[in-house]
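To start, the structure itself, in structure tokens.
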Amino acid sequence: MSSDKLTDIPVLRERGQNSMFCGLTGIIWLHRKIQDAFFLIVGSRTCAHLMQSAAGVMIFAEPRFGTAIIEERDLAGLADANEELDRVVARLLERRPDIRMLFLVGSCPSEVIKLDLERAASRLSQQHQPQVRVLSYSGSGLETAFTQGEDTCLAALVPELPQAPADAAPDLLVVGTLADVVEDQFMRLFTDMGITRVQFLPARNSREMPAVGPNTRYILAQPFLGDTARCLEQRGATRIAAPFPLGEEGTTRWLKAVADTFGVAGDRFDQVTAPGIERARRGMARMREQLAGKRLFMLPDSQLEIPLARFLHREAGMELLEIGTPHLHRQHLAEELALLPAGTTLSEGQHLDKQLDRCRAARPDVVVCGLGLANPLEAEGITTKWSIELVFTPIQGYDQAADLAELFARPLLRKAKLRV
Ligand code: SF4
């Protein structure tokens, strides 16, 4: 155990076997967001199966992701994988003229055969521009948390963003995939505060990606975007430090950090945010009755764990037993860590056996975990919440505060009903 320099909260570092989806999973929400993009996984049948099961609930007439299967002869070096890839891409683009941005998504097999997807993307871009831009990023690896796929994707996008003029007025860039409904709510609040130069990364359309430069002030909407943040700073952008917009408190502090950066007067800020705060508090009063005093254990999975724990403790009154996260970005989470109660047990990384032992011993009321662990824990009588659901559901902002809390209250209610 070591002490966290920024907050002095001790962090238990775990290294061992893990149980997490890989970064390919990010395609499920990214393809919904960038509506003219296509994600071509350069991978094996295993990767295709993972995507099918992870996205299994959705039925597509024209899916915007697929897998170029690396066969055994590719793995054995008997075929020219680059030629095959060029053929697959040409066929795909011919069949789907609506595609404007194509991501080649690397996987474990493409890494094993050392297929240089960056070079392939630049070759294919030259062939298919200006209709289609081709980019690449990696979604591979048993070591990556599933949300890292979004980070590697957005980090690959940043060098492609247009340059903002050096003499342009400061503009705000909100970074991280948000549901359109949440984005619209934030946009209305910014407009009411008088902040009108606002852009989002990723944009809903590949042709509307934001410009970036030294006058860009960016704020993270998701806590798992370390590489993207680094790339934005390389282009001169400055981060606005804030907690994440989960719950009423997180949303207010997140908006306040933006308002202060753009010189919004305090009374105008209060006026704009008051109705949202009121709605969130009203919704949460009901949820607090169901969640207060309930004991929460989070196994590392989505990297949303720390902002969620802060929200569930401070606004819903839950007791935090242990909060595990795959990676702890100390700088990006400094404002969140400062809001956790003293003595919170934090762990970084995964050692499945040890963490499950601690979890069972603690007898929590709810465990937040990955899909693979939920069934065995439920079979032992432990109530679980799938962390992946938190990435697919709109949870940020005032109007989603009670819905977010309800995601945790629902399994408890179901269990109570089953007992009756
Ligand atoms: Fe494919 Fe590797 Fe992900 Fe398995 S872990 S689905 S092989 S990228």
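Applying 1/(1 + (r/R0)^6) with R0 = 30 Å to the Cβ-Cβ distance of E380 and R314 gives a FRET efficiency near 0.55. When the alpha carbon gyration tensor of the chain is reduced to an equivalent ellipsoid, its three semi-axes come out at 35, 29, 19 angstrom, largest first. With protein chains left intact and a 1.4 Å probe, residues in the stretch 272-368 average 37 Å² of accessible area per residue. Out of all DSSP beta bridges with both ends in the stretch 280-386, state the antiparallel percent to the nearest 5. Roughly 0 percent of the beta bridges in the stretch 280-386 run antiparallel, per DSSP. Once the Cα-Cα distance is subtracted from the 0.36 nm per residue extended length, the Q127 to H329 segment shows a gain of 68.8 nm. Here the stretch 314-357 and the stretch 210-235 have alpha carbon centers that stand 25 Å from each other.
If R0 is taken as 41 Å, the Cβ-Cβ distance between D86 and S53 corresponds to a FRET efficiency of 0.90. With all pairs of separate Cα atoms included, the stretch 303-420 yields a Kirkwood hydrodynamic radius of 15.1 Å.
Computed in the context of the full set of protein chains, the accessible area of the chain at 1.4 Å probe radius has 51% of its extent on carbon or sulfur. The stretch 74-166: which GluC sites (Glu not before Pro) are DSSP loop and have at most 14 other beta-carbon atoms within 10 angstrom? Passing both the DSSP loop test and the Cβ count: E143. Estimated from the Cβ-Cβ distance and a Förster radius of 45 angstrom, the FRET efficiency linking R360 and D399 is about 0.75. Looking at the stretch 340-393, the GluC sites (Glu not before Pro) that sit in a DSSP loop and have at most 16 other Cβ atoms within 10 Å of their own Cβ are E380. List the pairs from K256/K417; K294/K354; K256/K385; K114/K385; K354/K415 whose alpha-carbon separation is above 29 Å, in the order I gave them. Going by Cα-Cα distance, K256/K417; K256/K385; K114/K385 fall outside the 29 Å limit.
The values are calculated or read from the model by the stated rules, or taken from the named source; none is laboratory data. None of the values given here were measured: they were computed from a predicted structure. For neighbour counting, all protein chains shown are included, and Cβ atoms are generated from backbone atoms with ideal geometry for every residue, glycine included. These accessible areas exclude ligands, DNA and RNA; they are computed on the full protein's heavy atoms, side chains included. Shrake-Rupley method; radii C 1.70, N 1.55, O 1.52, S 1.80 Å.
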